[in-house]
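K.L.:
Here it is, the structure, as structure tokens.
The values are calculated or read from the model by the stated rules, or taken from the named source; none is laboratory data. As the structure is a prediction and not an experimental result, all values here were calculated from the model. Here the Cβ is made from the backbone with ideal geometry for all residues, glycine too, and neighbour counts use every protein chain on show.
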Amino acid sequence: MIGRTPLTEVADLTIEHFQIASDYRGALRANLFPVLTATGVKKNEVGDVAFNPETILASENPQAKFAMLEHRGSALDSGFKDLESLEARAEAYAGKLTKPTGTQTATGEAINTAEVTSFAKDMALSLQDFLQRLLDHMAVWEGAESLGEVQVNLDFAVDFADNDMTDLQGMRSSGDISRQTLWREARRRNKLGADFDEEEETRLLEEEQAEAMDRERQAMEAAHAMSLETEEARAAARSRPPGAS
């Protein structure tokens with residue numbers, strides 16, 4: 001019952017990344033600010049220098065020199081590359097957990113859902129089987145028929161095609177999937193917020209549809225009334241005697 005979790009390496013890399021990033025920020029604070037240096041100048045001659053862009057530094061000594069000492073940044077560049085390397089390693093290792101193993105066919109790449117096999121899914125299935133067996137043994141121990149059924153989340157589809165929402169919307173338009181299914185798939189792809197409420201959205205859509213139908217009914221009634229007025233005017237014109245105004 002003792003094992004190393006699959007994300008331990010990622011956690012270790014994350015801690016290492018935090019430590020190096022902290023040192024890197026400290027080095028930035030220490031090295032990005034230039035240092036003012038002066039030669040041929042006595043401290044009591046210059047006094048306390050308030051360094052700013054509008055400060056004028058002067059000395060009666062013709063050999064006096066003022067200069068800015070700046071860090072070349074080579075060490076900082078090495079630190080930045082080290083951070084990038086750590087991030088790439090963590091991303092590559094975490095990606096191996098959810099990407100399908102073996103060679104995918106064109107159909108598999110097109111589907112790209114939780115049906116594909118990945119290392120993370122294999123672990124989740126093993127955990128589900130183990131917990132289910134544990135419950136079954138406990139049921140035998142207690143003399144019960146069953147203590148329940150274990151279900152572990154097996155949805156590890158983290159990569160989606162760029163146009164898959166367009167395909168889903170097309171399926172919705174053709175009536176192949178329901179509106180609720182489209183919403184659930186949109187939430188999986190982070191197209192809808194976590195606070196999205198299907199019942200509330202359904203209510204709002206029904207209100208919009210009712211308002212649209214009411215506006216359409218009012219427009220049809222107004223058009224019908226105008227048509228009646230036009231017919232009455234024509235009938236009145238036909239009933240007038242010739243020459244009457």
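K.L.:
Starting from region 61-85, take each residue that is of a type in the set (Phe, Trp, Tyr) and list its partners that are loosely packed, with under 14 Cβ neighbours inside 10 Å and at pLDDT 75 or above, counting only C-beta distances under 9 angstrom and pairs at least six apart or across chains.
P.N.:
Pairs found: PHE66/LEU36; PHE66/THR37; PHE66/THR39.
K.L.:
Kindly provide the set of residues from region 149-172 that are surrounded by 11 or more Cβ atoms within 10 Å (Cβ to Cβ) and at pLDDT 75 or above, ordered by number.
P.N.:
Selection gives VAL150, VAL152, ASP164, MET165, ASP167, LEU168, GLN169, GLY170, MET171, ARG172.
K.L.:
Could you check, for region 71-89, whether at least one of its residues is more than 30 Å from LYS121 (Cα to Cα), at pLDDT below 75 and either of a type in the set (D, E, K, R) or touching a Cys at 6+ places or on another chain (Cβ under 8 Å) (or both)?
P.N.:
Yes, region 71-89 contains at least one residue that is more than 30 Å from LYS121 (Cα to Cα), at pLDDT below 75 and either of a type in the set (D, E, K, R) or touching a Cys at 6+ places or on another chain (Cβ under 8 Å) (or both).
K.L.:
Of everything in region 12-37, what is modelled with pLDDT of 80 or more and out of contact with any Leu (no Cβ under 8 Å at 6 or more places or on another chain)? Give them in sequence order.
P.N.:
ASP12, THR14, ILE15, PHE18, GLN19, SER22, ASP23, ARG25, GLY26
K.L.:
Quick check on region 119-126. Is at least one of its residues at pLDDT below 65 and loosely packed, with under 13 Cβ neighbours inside 10 Å?
P.N.:
No, that holds for no residue.
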